Amino acid sequence: MKLLVLGANGQIGSAIKALHPAALFLDRKDADLSKPDMIESVLENHAPDIIINAAAYTQVDNAEAEEKIAFTINAESPSVIAIYCASRDIPFVHFSTDYVFNGSGEKPWKEDDEVAPLSAYGRTKLAGEDRIKQV
């Protein structure tokens, strides 16, 4: 089974690499999520059986000024990946962030808690979640 991991050099990608070094790991130079129109061909070239998207625009402070590119990387490209996976019946794992919540409270967040992002980063990650759910 061929596991493809996007975001090879990030925190999550690096952790997955330590656990499953035999997977195929792609970084930004291999799969640039700022160019969603190129994602499908990259995936086709590697023909994975499972895709894990650990890639994201994670510069939280910069996202305020660069919300458009953050949206492309965090919402548009994950949507393209989800559509690719759904059309081929390939499992897809996508990571989001606690920034989709409002930051109040003392308990750990649960997936079904109410979302209310306070930043551009949180808004773009939530948009990614929403687009993936629609596929």
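The values are calculated or read from the model by the stated rules, or taken from the named source; none is laboratory data. Computed from a predicted model, the values in this text were never measured in an experiment. Heads up, the Cβs are rebuilt from the backbone with ideal geometry, glycines too, and the neighbour counts pull from every protein chain shown. The accessibility values were calculated without ligands, DNA or RNA, using every heavy atom of the protein model including side chains. Shrake-Rupley method; radii C 1.70, N 1.55, O 1.52, S 1.80 Å.
Across segment 47-60, which residue is least open to solvent (accessible area, probe 1.4 Å) among those that are β-branched (Val, Ile, Thr) and farther than 13 Å from residue 3 by Cβ?
Filtering first and then ranking leaves 60.
If you go through segment 106-120 one residue at a time, do you hit one that is part of a helix (DSSP H, G or I) and either closer than 23 Å to residue 14 by Cβ or at pLDDT below 95 (or both)?
no
Confirm whether residue 122 is farther than 23 Å from residue 19 by Cα and either touching a residue at least 40 places away in the same chain (Cβ under 8 Å) or surrounded by fewer than 21 Cβ atoms within 10 Å (Cβ to Cβ) (or both).
Here the answer is no, as residue 122 does not meet what is asked.
Would you confirm whether or not segment 71-85 contains a residue that is acidic (Asp, Glu), at pLDDT 95 or above and under 20 Å from residue 134 (Cα atoms)?
Yes; the residues of segment 71-85 include at least one that is acidic (Asp, Glu), at pLDDT 95 or above and under 20 Å from residue 134 (Cα atoms).
Can you tell me how many residues within segment 11-26 are open to solvent by less than 30 Å² (accessible area, probe 1.4 Å) and either polar (S, T, N, Q) or not in a helix (DSSP H, G or I) (or both)?
2
When you look at residue 44, is it in a helix (DSSP H, G or I), open to solvent by 20 Å² or more (accessible area, probe 1.4 Å), charged (D, E, K, R) and under 20 Å from residue 129 (Cα atoms), yes or no?
In short, no.
Name the pairs whose Cβ atoms lie under 7 Å apart, with the first residue in segment 31-57 and within 16 Å of residue 83 (Cα to Cα) and modelled with pLDDT of 95 or more, the second of a type in the set (Lys, Arg) and open to solvent by 30 Å² or more (accessible area, probe 1.4 Å), and 6 or more positions between them or separate chains?
47/2; 48/2; 49/2
Of everything in segment 84-119, what is more than 20 Å from residue 60 (Cβ to Cβ), of a type outside the set (A, V, I, L, M, F, W, C) and open to solvent by 50 Å² or more (accessible area, probe 1.4 Å)? Give them in sequence order.
87, 88, 89, 91, 106, 107, 110, 111, 112, 114
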